[in-house]
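Only the coordinates and a few stated rules stand behind these numbers; no lab work does. Bear in mind the structure is a predicted one, so any value in this text is a computation, not a measurement. Heads up, the Cβs are rebuilt from the backbone with ideal geometry, glycines too, and the neighbour counts pull from every protein chain shown.
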Amino acid sequence: MVKNEINYLSIMSHENIIKLKDFFEDKNKFYIVLEKCEGGELFYKIVKNKCLLESESIQIVRQVCCTLEYLHSNNIIHRDIKAENFLFKNKNTENIKLIDFGMAKTVNCEYLTELCGSPHYISPELIRKKYTLSSDIWALGVMVFFMLTGKYPFEGKNTQKVVDEILNKNINWKDKEFSSLSVEAIDFLKKLLERNERKRLTAFEALNHPWIKLEME
């Protein structure tokens, strides 16, 4: 996985992707030197604040969409999009960096079949072992849901329970827990967490969704 990460970080250049500074190996291990980020994980920011305001979330998600559009336009799937894999450049900025390309893969015309990723974030088609770039978009939807509500859309006591919810649970968007969210935010979430991957937003479409373009106080 380290070799895979080195391979991808060596060829990519984007302001929201962690930069590879150097790498070396000894008889037993590979070592990589990455760009310094001092702001901590997005995950911990969400947990600390219970959830994030829409205005703050938009600033972050806009960068994520831009990053995914860059990756997908180069036929690269990350396969582990989650809040833990985004770091803030420093404590006083919303500038984020995507990390952990250990499971990244180049997608041509074929479907991928390897089961990988983090349980709460895996897409229905990934569970069925027939997926492509749009699986990253589902994971983005899970992450945005987590950012705005402080919890995952699909939960369970164990991995199998989570998988069952991913495949079968229908989210009631009229529930009072979503009452504070804008119409645009709910529409964005619906279109990211679309079980039919052919109807799901692409990274480009997500980047140009009305919610991403909102200017909120």
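Couple of notes before you dig in:
Residue-by-condition table, conditions (1) in contact with a Phe, Trp or Tyr (Cβ under 8 Å, 6 or more places away or on another chain); (2) touching a residue at least 24 places away in the same chain (Cβ under 8 Å); (3) closer than 22 Å to Leu193 by Cβ:
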position	(1), (2), (3)
Asn28	no, no, no
Cys37	yes, yes, no
Glu94	yes, yes, no
Asn108	no, yes, no
Tyr111	yes, no, yes
Lys129	no, no, yes
Asp136	no, yes, yes
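- The range 71-96: number of residues that are of a type in the set (S, T, N, Q) and buried (at least 16 other Cβ atoms within 10 Å of the Cβ): 2
- Only helices (runs of 4 or more DSSP H) whose full extent lies in the range 140-217 are considered here, and the ones with at least 1 residues that are of a type in the set (S, T, N, Q) and out of contact with any strand residue (DSSP E or B) (no Cβ under 7 Å at 6 or more places or on another chain) are 159-168.
One line per residue, one yes/no per condition, for (1) surrounded by fewer than 20 Cβ atoms within 10 Å (Cβ to Cβ); (2) of a type outside the set (S, T, N, Q); (3) on the phi < 0 side of the Ramachandran plot; (4) touching a Pro at 6+ places or on another chain (Cβ under 8 Å):
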position	(1), (2), (3), (4)
Ser134	no, no, yes, no
Val144	no, yes, yes, no
Met147	no, yes, yes, no
Lys151	yes, yes, yes, no
Asn158	yes, no, yes, no
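- One residue from Leu68, Leu42, Leu52, Leu9 being within 19 Å of Leu189 (Cβ to Cβ), touching a Phe, Trp or Tyr at 6+ places or on another chain (Cβ under 8 Å), buried (at least 19 other Cβ atoms within 10 Å of the Cβ) and not charged (D, E, K, R): Leu42
- Some residue of the range 51-70 being of a type outside the set (Gly, Ala, Ser) and more than 18 Å from Ile96 (Cα to Cα): no
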